[in-house]
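First comes the structure, then the notes that go with it.
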Amino acid sequence: MSNLEVRPISTLRVARVIASKDLRIELRSRVVTNQVYPFAGLVMVMFAFALDNDAVLSRVAGGLVWLATLFSLIILVQRSFAVDSADGALEAQRVAGLDPAGIFIGKAVAVMVQLVVLEMLLLLAAVVLYRVELRIDGVVLLVTCVICATAGLAFVGTLYGGLTAGVRGRETLLPLLMLPVVAPVLIGATRATESAFTSGGAAVSDGWPWVGVLAVFAAVFAIGGILSFGSLIEE
Amino acid sequence: MDHLGFISAVYLTTFGVIIGLVAKTLKQGRDLASKVADKDKPWT
Amino acid sequence: MTSVSSTTTQTFTAKVATPTTRLVGAMAIVSLAWVVMGGLFITPKDVDQGDAVRIMYVHVPTAWVAYLAFIVTAIASACWLLSRKHAMGFDRVAGASAEVGVIFMAMTLLSGSLWGRITWGSYWAWDPRLTTTSFLLVTYIGYLAVRGLGGSLEQRARRSAVIALLAVLEIPLVHFSVLMWRSLHQEASVLSGDGDIKMDGSMLTTLLVGVIGFTCTFVWLVMHRQRVLAMQDAMQSSQLDAALRERADESTTINTNKSNELI
């Protein structure tokens, strides 16, 4: 170590490399597109079976979209870290001296991209299956809401996914740890989406304060994750 | 006393749980203390 | 694993209590006895709530201890992370306090819902305080699960300390979002409606004694539990040493057997 000059790679560069690696794995393996997205669609259909009422469905469509997102988030995060811990890649990255903050941001961005695609599909499913109506001013709110909510979900997911990576019994522990933390996202994103759909007589402008909550949430857990991810994955 | 059932349920569960917890802690402590060397017990 | 400690001669004192814990325990017993007597028999009925107010003398101190426990866990976790030597004592206090806190939080929710059934007519209300309390409970159940994951003591301490500090970020966000959510419904006044209790001297004293008594109980439980955890940790590491030694002995005997066969 003494006479070898090791130039540390910048955090953002690590993030970019990790994110593109994760996304490339998903593009090639097609597990997310062929299994996770169909699962989320299936959940939307199941909600329709359970609620069995068109008026109720269009009223609660926003909440159902975000519930299906949360269920899929658990699977996405588990997959994101299973790929890494199966052949010790996470450990190798750590031993190689990569900045843990960079690994955190990179993995979170990869999860974020997969989640945004998922949410687009789910919102489309809500329009088609649950017959919600979307006006043009609602679309602006919806897009902002999706971005902020997804960032928050991805940061929290990556944080707790890293903690449970490579631990026995992680399948059951991750939802227990993660779901209470993302409850504010479920509340905020659902209210904002309902406003965008104007379901239950909500006005589009009612949704903006919730987007603020989502943005604060994402910022808090981005900072929390950058600071603590290193000590969570450290063995 | 009104609501005697509710009130006694609250008192019984609260103090019952506390007594149970104390008893369990004492027993665990005694069992372990007979197996662990004194150098690992900084309070002795 | 059969004979770990019998190999060397060591002194064992089967003692966990110290004068401090005895004093705290005695204070707890006296004040809890006072609460039962005062709460059930001596204090008068409340003007609005009648006898239902007697639940308060147990419920309020339990809730106080539950919150106190989580504050102690958070502070002890921060101390562990910040302390240069990473003293395991901080970690054990954090763990012991969370264990006690989870139980007191569950009792708070139980006694609160029974009290709610009498005064509001329902076991549960989507009140921000109630909702946040239940989230706190679930979060710390998760915290205890993380402590039970296994691995080295250092690993356990680091993971759980981070989880405890993340909970400090999580809980205010949950509370604020539930507050904002419920304010849409304009029915947030369940608790303030008939919750006003006009307390006379004996009621106030009983409540105060209750808070003191439950706090002493908490301190006693955490001190004892922390010592139990210390002994468990010591056992774990001594067993690990013994197992390693056993393994080392095994390999040497196998090697000698092999070399005998070769000859």
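The values are calculated or read from the model by the stated rules, or taken from the named source; none is laboratory data. Please read these numbers as outputs of a predicted model, since none were measured by experiment. Every residue, glycine as well, gets a Cβ built from its backbone with ideal geometry; the counts of neighbours run over all protein chains shown.
Residues of the stretch A:166-181 that are in a helix (DSSP H, G or I), among the β-branched types (Val, Ile, Thr) and under 18 Å from A:Ser80 (Cα atoms): A:Thr172 alone.
Conditions tested, residue by residue: (1) aromatic (Phe, Trp, Tyr); (2) over 24 Å from B:Lys35 (Cα atoms).
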| position | (1), (2) |
| --- | --- |
| C:Arg22 | no, no |
| C:Phe41 | yes, yes |
| C:Arg54 | no, yes |
| C:Thr62 | no, yes |
| C:Lys85 | no, yes |
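Filtering the stretch B:27-43 to residues that are in a helix (DSSP H, G or I) and facing another protein chain (nearest Cβ under 7 Å) leaves B:Gln28, B:Gly29, B:Arg30, B:Leu32, B:Ala33, B:Asp38, B:Asp40.
Quick grid of which residues meet (1) at pLDDT below 85; (2) out of contact with any Asp or Glu (no Cβ under 8 Å at 6 or more places or on another chain); (3) crowded, with 24+ Cβ neighbours inside 10 Å:
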{"site": "A:Asp87", "(1), (2), (3)": "yes, yes, no"}
{"site": "A:Ala96", "(1), (2), (3)": "yes, yes, no"}
{"site": "A:Val109", "(1), (2), (3)": "no, yes, no"}
{"site": "A:Ile147", "(1), (2), (3)": "no, yes, no"}
{"site": "A:Leu163", "(1), (2), (3)": "no, yes, yes"}
{"site": "A:Arg168", "(1), (2), (3)": "yes, yes, no"}
{"site": "A:Leu173", "(1), (2), (3)": "no, yes, no"}
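Residues that are away from chain B (no Cβ under 11 Å) and assigned to a helix (DSSP H, G or I) within the stretch C:35-62 comprise C:Met37, C:Gly38, C:Ile42, C:Val60, listed in sequence order.
Restricting to the stretch A:153-173, what's the tally of residues that are touching a residue at least 24 places away in the same chain (Cβ under 8 Å), within 10 Å of chain C (Cβ to nearest Cβ) and farther than 11 Å from A:Ile233 by Cβ? Counting residues in the stretch A:153-173 that are touching a residue at least 24 places away in the same chain (Cβ under 8 Å), within 10 Å of chain C (Cβ to nearest Cβ) and farther than 11 Å from A:Ile233 by Cβ gives 3. Residue count for the stretch C:126-170, restricted to those that are of a type in the set (Phe, Trp, Tyr) and more than 9 Å from chain A (Cβ to nearest Cβ): 2.
Taking the criterion of being touching a residue at least 60 places away in the same chain (Cβ under 8 Å), surrounded by 13 or more Cβ atoms within 10 Å (Cβ to Cβ) and under 12 Å from A:Ala125 (Cβ atoms), the residues of the stretch A:10-47 that qualify are A:Tyr37, A:Ala40, A:Gly41, A:Met44. Within the stretch A:181-217, the residues that satisfy the criterion of being touching a residue at least 60 places away in the same chain (Cβ under 8 Å), within 11 Å of chain C (Cβ to nearest Cβ) and surrounded by 19 or more Cβ atoms within 10 Å (Cβ to Cβ) are A:Val182, A:Val185, A:Ala189, A:Thr190, A:Arg191, A:Glu194, A:Trp210, A:Leu214, A:Phe217. In the stretch C:23-55, which residues are under 20 Å from C:Trp120 (Cα atoms), touching a helix residue (DSSP H, G or I) at 6+ places or on another chain (Cβ under 7 Å) and hydrophobic (A, V, I, L, M, F, W, C)? Matches in the stretch C:23-55: C:Ala52, C:Ile55. Residue count for the stretch A:17-65 under the criterion of being under 20 Å from A:Ser80 (Cβ atoms), among the aromatic types (Phe, Trp, Tyr) and more than 17 Å from the chain's Cα centre (by Cα): the result is 0. Tell me whether the stretch A:119-127 contains one or more residues that are within 23 Å of A:Ala222 (Cβ to Cβ) and crowded, with 23+ Cβ neighbours inside 10 Å. Within the stretch A:119-127 (the criterion being within 23 Å of A:Ala222 (Cβ to Cβ) and crowded, with 23+ Cβ neighbours inside 10 Å), the answer is yes, since at least one residue qualifies.
Okay, residues lined up against (1) modelled with pLDDT of 95 or more; (2) buried (at least 22 other Cβ atoms within 10 Å of the Cβ):
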site	(1), (2)
C:Gln49	no, no
C:Ala69	yes, yes
C:Val93	yes, yes
C:Ala106	yes, no
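The condition of being among the charged types (D, E, K, R) and modelled with pLDDT of 90 or more holds for only one of A:Arg7, A:Arg13, that being A:Arg13. Of the candidates C:Leu173, C:Leu208, C:Leu191, C:Leu262, the single residue that is modelled with pLDDT under 75 and either touching a His at 6+ places or on another chain (Cβ under 9 Å) or under 24 Å from C:Gly101 (Cβ atoms) (or both) is C:Leu191. Scanning the stretch C:78-98 for residues that are within 12 Å of chain B (Cβ to nearest Cβ) and either touching a Phe, Trp or Tyr at 6+ places or on another chain (Cβ under 9 Å) or among the aliphatic types (A, V, I, L, M) (or both) returns C:Ala87, C:Met88, C:Gly89, C:Ala96. Any residue in the stretch A:196-213 that is within 20 Å of C:Pro128 (Cα to Cα), part of a helix (DSSP H, G or I) and under 15 Å from the mean Cα position of the chain (by Cα)? No, the stretch A:196-213 contains no residue that is within 20 Å of C:Pro128 (Cα to Cα), part of a helix (DSSP H, G or I) and under 15 Å from the mean Cα position of the chain (by Cα). Would you pick out the residues in the stretch C:25-47 that are surrounded by 13 or more Cβ atoms within 10 Å (Cβ to Cβ) and farther than 27 Å from B:Leu21 by Cβ? Within the stretch C:25-47, C:Lys45, C:Asp46 qualify.
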